[in-house]
Every structure is written in C-alpha cells, then in structure tokens.
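Engineer: My questions will all concern the structure given below.
The values are calculated or read from the model by the stated rules, or taken from the named source; none is laboratory data. Computed from a prediction, not measured in an experiment: that's the story for all the values here. Ideal geometry is used to build each Cβ from the backbone, glycine not excepted, and the neighbour counts take in all protein chains shown.
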Amino acid sequence: MPEVDALKAKEWEVGIYQEEIAAGQGIKIRRRPATGLPPHYVGPFEFDLQNEGNTPRNILEAIIWSKDVEVTQRKEKNPYAVLKKLLDKAPPARDFIGALKKANSRTSFPGLIAEVKKASPSRGVLRENFDPVQIAKAYEKGGAACLSVLTDEKYFQGSFENLEAIRNSGVQACDSAIDAWQIYYARIKGADAILLIAAVLPDLDIKYMIKICKLFRMTALVEVHDEREFDRVIEIEGIQLIGINNRDLETFELNIANTKKLLEGERGQKIREKGIMVVGESGLFTPADIAYVQEAGVKAVLVGESLVKQEDPSAGIAQLFGKDISL
Ligand SMILES: O=C(O)c1ccccc1NCC(=O)[C@H](O)[C@H](O)COP(=O)(O)O
C-alpha cells in the first residue's frame, strides 16, 4: 500500500475511535464525514469505496462538517505559532460573567446577551440592512450586558471582521467553537467568551477548551439541550456558565419549557449548590417568556431573532423585558 494511503487508513482508524468515544457520551453529531475506507486497488485502477457516512444527517452536522473544513484551511494560513505571537497584542479579555451578574442585580431581570446575527439556518435572513456595529451600539444603549457575535459566514452570514469591529466599539463578545484553534483566533479578534456546544464536543474536548479559556481569562459558555448533555457537563470541573438551548439544533423545534424541565428537581439543586450561572437561550419573544425562564432559575438570557428583527433593537430590548432596562 503506498505511504499516503497508509496515512489515510491511520486517520480513518483514529476517526472511528474518536467517534466511538463521542457515541459513548451520547453525541450523535459526527465531526466530519467518514473518510471512507482507504482506496482499493485492482491492478492500476483505484476505487474510492463510498459509504453512507458521507452525507450529513441534519443541519447541525452539516454546519460542523463545513466548520471543520473552514478551520483546517484557516489553520494552514494562521498556524498556532503565528497566533501565539498575536495574542499579546489582543485587548485584554473582560469579565463576561461579571457583566451578566452586575446587570442581573442592577435590573432584577436576567442579564442580557444580545445576539448580532444577520441570518440563521432555521429562519433565513433576519435583517436585510445589517450594520453590525450599529446594532451592537443599539443593544448597548438598550441595556444589554454582553453580545454574542456570530462569525460563521456560510450559515449565519457573520464574520470575524464583525467581531473585531464590534469589539473596537466597546462591548463584550462571544463566539462558538469546535476546535481549540478558534479560541485563539477569537481571542485575537477580541472575544471575551466562547460558546462550547455539548451536542458536538466530547467531555475531554470541553475540559481542554475550558483550560485554554482560563489561560486567556475568557469565559466558556457551555451549551446543553437535553438531560444527558446537562448531566455530562455539570460534572466537568471549572464550569461556571451553562446555557440551556430551547432550540433543538437537529430539528429546529423550539420549546421554552425545555429550560424549566432541565432546572427542575435535583438538577436545579446541583446548579445552585455549585454556584453555576444558567443562561436561557433561544425562542424568547415576550416579557412573559423572560418571566417564565427567570422563574425557572436562569440569571441570564441569550436572545437573537426577537431583537435583531426590530427596526430599533434598543427599543426592542425594552419591549422584550416590558421595561427599560438601560436605566
Ligand atoms: O438558530 C438556528 O437556526 C441555529 C441552527 C443551528 C445551530 C445553531 C443555531 N442557532 C444558534 C442559537 O442557538 C441561537 O442563535 C441563539 O440561541 C438565539 O436564539 P433566538 O433568540 O431564537 O434567535
């Protein structure tokens, strides 16, 4: 077997092993398509054996596969050695959780993480005249404690340029990661926090990424959607901020009762004992929705669609909370 095929075969074996670990933790999302078996030779002819693992099973898997390719290409252009030199020049990370706590005690409402997103896979384009800095400023004026800035270009029409521009105008920003390289890159572009999705990342990756965040004084917001993810994540040392997503990222189904369900009984008890702050994420449109997740136990909320669609996102915040929270 030629040397390059031996390497391909090894990569394939490692991939299978990693997938077994992830599957053992209930993770259904595969990080990349199965590379398939190494090419099969019959005389001078090469046959690529196709298998059914080469098609994404849902949109989240499609996003992850595309992100994996993108990160690999970006890494080639900007390897760790280059990023490490740039880290010192990045503006220092600001206290994301501190900002949420401060807003929570100032307003008695959950601290607001307002999302700067032009489009999403579930809703398409949310705002045609999209000026990220103007939206960020409106959010800040309206009383948002932090911002979540989407950097994915293909599915959310975001960019790292947006993150950098917003950071320069003085607000706290957050991005999502599937690879440690993205944390380095986001830090250089000014992110104070990073989103880690438990449906995608095995425990070991989450632990490793939390360590990197600590090193950079960044906050890790670890997102869960169901009981199994919650129970995995709650046992990971060093977790300070958990997000409960009300949107099933595989089916797009939205149900804000998900936050309540995951915070009931023993799970809620554990969260309180460990002093972990919980963020209620997605599908929040009215003051009643905010009151509902607050009653369930969240001290912060992550809101995108209902704010970004408003002509004046600042007024949209007051409408969402039923009160001006900027004061
Ligand atoms: O929103 C989507 O369609 C989506 C699809 C696949 C992966 C992630 C996705 N969204 C990220 C989020 O969870 C939301 O942007 C965030 O929680 C805000 O939600 P909303 O207030 O409902 O816009």
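Engineer: Just give me the residues in segment 72-110 being closer than 14 Å to Ser326 by Cα and not in a helix (DSSP H, G or I), in sequence order.
Structural biologist: Ser108, Phe109, Pro110
Engineer: Checking the conditions here, which among Ile135, Ile166 is farther than 20 Å from Leu195 by Cα, more than 14 Å from the chain's Cα centre (by Cα) and among the aliphatic types (A, V, I, L, M)?
Structural biologist: Only one candidate qualifies: Ile135.
Engineer: Looking at Val278, Val298, can you tell me which residue is within 16 Å of the ligand (Cβ to nearest atom), modelled with pLDDT of 95 or more, assigned to a loop (DSSP other than H, G, I, E, B) and β-branched (Val, Ile, Thr)?
Structural biologist: The match here is Val298.
Engineer: What number of residues within segment 113-137 satisfy the criterion of being more than 12 Å from the ligand (Cβ to nearest atom) and crowded, with 21+ Cβ neighbours inside 10 Å?
Structural biologist: Qualifying residue count for the region: 3.
Engineer: Please find, within segment 251-275, the residue that is surrounded by the most Cβ atoms within 10 Å (Cβ to Cβ) out of those that are within 16 Å of the ligand (Cβ to nearest atom) and among the hydrophobic types (A, V, I, L, M, F, W, C).
Structural biologist: Leu262
Engineer: Residue by residue through segment 233-250, note down the ones that are part of a loop (DSSP other than H, G, I, E, B), near the ligand (Cβ under 10 Å from one of its atoms) and either under 12 Å from Ile206 (Cα atoms) or in contact (Cβ under 8 Å) with a residue 60 or more places away in the chain (or both).
Structural biologist: Leu249, Glu250
Engineer: Any chance segment 144-162 includes a residue that's crowded, with 24+ Cβ neighbours inside 10 Å, away from the ligand (no atom under 12 Å from the Cβ), in a helix (DSSP H, G or I) and not polar (S, T, N, Q)?
Structural biologist: There is no residue in segment 144-162 that is crowded, with 24+ Cβ neighbours inside 10 Å, away from the ligand (no atom under 12 Å from the Cβ), in a helix (DSSP H, G or I) and not polar (S, T, N, Q).
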